[in-house]
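What follows is a set of notes on a single structure, which appears directly below.
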Amino acid sequence: SVGPRRSLLVLAGGLSFVSQEASAELSRGHRTEGRRAIKKRPDTGFLNSVSADLEGELHEVISDALGALGGTGLFERRDELISMWRSLPKNKHDRLDRRSFRYLVHRHLVRTRGLWLIGLEPIQSQAAHADATLLMKEAPGLVRTLLGNEADVKGFSIEDAAAMATMLEQLVAHDVRHLLTHVYERTGVNLTALLTKEEVLNVLMAYMLRWLMSEDEETATHLESDPVALRDAFEDYDMLVAYAEGVTEGFEYARQHSLPQLPSTMNSWRPMRPGYAFEDVQSMVGTMALTFGSFWQSECTRVKTSLMRLDSSGTGRVKLTEFYRAAQEGEWRFSESREYLRQIGSLDESSVMHGPRVVIANYIQGPSNCIVASAHYRVCCEPECEDYFGEIEAAVQAPVAPAEVIVALVENMTATLGDDTPRLSRTLRSQLREIGRVHGGQVPLHGRLFAQWLHYVFPQECPFPHKSGTVVMKSPIEFGDEYLASEDEIARHAREASAEDGRTGSSEASPSVDMDWMTQWSQEEELLSTNLHLQAPWDTNVGLPMPALGAAAVVVVAGLALVGIRGALSKASKTDTFGLSTGKGHII
């Protein structure tokens with residue numbers, strides 16, 4: 001007997017939370033056809049639905065974005081980007097190449113909005129890549145033209161990046177119109193009607209239900225007709241209502257403080273005329289798209305906390321047997337199949353001693369934990385590693401830094417440690433120095449090896465960086481029906497976990513197991529930009545560009561042999577084996 005395990009209602013790549021009972025009820029009849037229809041609609045970028053006149057479409061969106069920001073707003077966005085900007089490698093014009101420009105905009109949207117634009121993310125499908133390439137090729141030039149920048153200047157300025165990030169946010173905010181129009185029609189509201197505040201709240205809740213469920217109209221209609229089933233399906237429904245009320249109040253506050261500027265239409269809401277036009281509601285749902293990630297971060301924290309309870313050794317990994325045992329005992333979120341976890345890069349299968357393990361940071365950042373998944377973007381958990389990486393970038397203000405400087409910065413971090421100060425192990429100090437050695441004494445901040453090092457320093461916060469082309473961030477629907485583990489598979493792994501407890505007498509990690517935790521380390525380097533000029537110790541030619549990350553990336557073997565790592569670990573004390581320890585003895 002599996003017990004009262006919960007299941008996931010996964011639609012088009014995002015997840016909504018429903019009880020097993022509610023899911024079973026929804027599965028009878030109408031839900032099958034709805035999911036078939038959704039499967040026919042692939043996740044592609046904005047260019048899949050915009051008009052054929054790309055330039056005209058983008059000009060309109062960019063103009064709206066820049067007009068909404070104004071001069072002051074653009075400076076504010078620039079300030080948000082400045083630390084990342086200073087740390088990225090640039091050309092002789094002090095500009096970014098296209099790859100670094102794209103990386104900068106993507107990271108900004110992820111860390112400030114929790115937005116992953118389909119096609120803009122580093123790991124993507126070929127179709128999405130084609131869309132993003134066209135978007136990133138055409139849009140920056142139009143941004144530059146509207147900003148009055150010289151078109152013949154090679155590379156991208158920070159002003160280009162600020163305007164581009166704003167334009168993409170505006171694209172997301174504009175993307176709501178089609179679904180909102182559908183909601184008006186379904187609820188019998190005329191598009192020209194002025195709504196009361198109560199009517200607006202009803203429309204917002206109807207919109208949010210369909211948005212979270214990737215426009216599965218049949219399921220949404222069923223839930224709306226049964227309030228009990230609706231609250232069973234969404235455990236935090238009252239929290240969603242409070243969020244919608246907050247969005248409405250925020251709209252009113254912003255409109256009151258934007259006067260004496262005229263609203264977009266004569267019918268728009270104003271303090272002395274409290275009726276809400278369609279454009280007002282569209283503005284509110286656009287705000288939802290840009291703020292829901294931060295609102296939902298508490299759910300991400302809840303999932304991570306559940307995983308951390310299973311990570312007794314503090315390595316950022318949970319045995320697959322423990323993962324599935326938790327699912328069998330009621331932690332219904334942990335239901336993805338082994339094959340799906342491997343596909344999205346959340347499974348570490350490098351250790352014979354440990355067996356397969358779920359990598360916490362990669363799992364939290366995975367597409368199965370994205371709460372919203374439209375055809376154009378996903379709203380996902382905000383990356384906690386940004387706190388650490390951003391602090392390093394802000395302090396270094398350069399693309400590279402000596403290993404000793406990075407060590408000093410990390411050991412003075414207190415982002416999540418309270419009053420504790422972290423101490424790096426001898427092993428990780430040695431690994432960082434080795435990364436610097438093969439790059440002529442400097443550690444590139446935006447390379448795969450440094451990201452890998454950060455993962456082992458902060459294993460529960462920073463994801464493991466896979467080599468290019470080895471994983472694909474497919475949504476559950478893109479992956480297919482096998483994304484969920486079967487009940488038999490979960491039960492089998494749970495029995496194995498119990499058997500392991502019996503053999504060891506405890507589920508706590510032993511010292512022999514601790515010494516095997518860095519087996520996933522690999523020695524291949526991948527650098528972000530061709531603008532980074534470094535010299536390897538065996539190279540007598542100064543100034544040769546290092547390979548760039550991408551389809552034509554050249555892999556640099558850094559000489560960090562696993563034999564050396566394991567040797568160092570075997571000689572280290574138990575405390576020194578871990579990437580990071582603190583004065584109070586706990587592991588990060």
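The values are calculated or read from the model by the stated rules, or taken from the named source; none is laboratory data. Being a predicted model, the structure only gives us computed values, none of them experimental. Reconstructed Cβ throughout: ideal geometry from the backbone, glycine too, with neighbour counts over all protein chains shown. With ligands, DNA and RNA removed, areas are computed over all heavy atoms of the protein, side chains included. Shrake-Rupley method; radii C 1.70, N 1.55, O 1.52, S 1.80 Å.
In debye, nearest 20: dipole of segment 331-431 around its Cα centre with unit charges on the Cβ of K, R (+) and D, E (-)? Please list the in-between numbers first.
Details: 8 positive and 15 negative charges, 82 e Å.
Here segment 331-431 has a charge dipole of around 400 debye.
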Open item on the list: Give me the one-decimal nm value for the distance between modelled label points at S486 and K197, 7 Å along each residue's Cα-to-Cβ direction.
Closed with: 5.5 nm
Open item on the list: If I compute solvent accessible area with a 1.4 Å probe over the protein chains, what percent of it on segment 335-409 is carbon and sulfur?
Closed with: 56 percent
Task: Interchain or long-range residues, amide H under 5 Å from V443's placed H - done: A401, A403
- [ ] For Y377, list long-range residues whose amide hydrogen, built 1.01 Å from N in the peptide plane, is under 5 Å from its own amide hydrogen.
- [x] I118
TODO: With label points built 7 Å along Cα→Cβ from the Cα atoms of K467 and Y253, find their separation and express it in nm.
DONE: 5.1 nm
Task: From phi via Karplus (6.51, -1.76, 1.60), per-residue ³J(HN,Hα) for segment 305-314 in Hz, x at Gly/Pro - done: 4, 4, 6, 5, 5, 8, 9, 5, 8, x
Task: Label-point separation in nm, T221 to R98, each point 7 Å along Cα→Cβ - done: 4.5 nm
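Tell me, in nm to one decimal, what length is gained between R495 and S350 on full extension, where the rule is 0.36 nm per residue of separation less the Cα-Cα distance? Intermediate values should be presented prior to the final figure.
Working: separation 145, 0.36 × 145 = 52.20 nm, distance 2.22 nm.
Gain in length upon complete extension: 50.0 nm.
Per residue, how much accessible area does segment 145-245 show when a 1.4 Å probe rolls over the protein heavy atoms, in square angstrom? Write out the running numbers ahead of the final one.
Numbers: 4470 Å² over 101 residues.
On a per-residue basis, 44 Å².
In whole percent, and with a 1.4 Å probe on the protein chains, what portion of the accessible area of segment 425-499 is carbon and sulfur? Working shown, then result.
Numbers: 1280 of 2720 Å².
Accessible surface attributable to carbon and sulfur in segment 425-499 totals 47 percent.
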Open item on the list: Nothing charged except the Cβ atoms of Lys and Arg (+1) and of Asp and Glu (-1): what's the magnitude of the dipole of segment 232-360 about its Cα centre? Round to the nearest 20 debye.
Closed with: 400 debye
Open item on the list: Explain nothing, just compute: Karplus ³J(HN,Hα) = 6.51 cos²θ - 1.76 cosθ + 1.60, θ = phi - 60°, for every residue of segment 396-408 in order, whole Hz, x for Gly and Pro.
Closed with: 6, 6, 7, x, 9, 7, x, 4, 5, 5, 5, 4, 4
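Let's test the formula: R0 of 30 Å, r as the Cβ-Cβ distance of E329 and D387. What FRET efficiency results, to the nearest 0.05? List each step's numbers first, then the result.
Working: r = 32 Å, r/R0 = 1.05.
Taking R0 as 30 Å, the efficiency between E329 and D387 is 0.40.
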- [ ] Report ³J(HN,Hα) in whole Hz for each residue of segment 231-242, in order, from the Karplus equation J = 6.51 cos²θ - 1.76 cosθ + 1.60 where θ = phi - 60°; Gly and Pro get x.
- [x] 6, 5, 6, 10, 4, 9, 4, 4, 5, 5, 4, 4
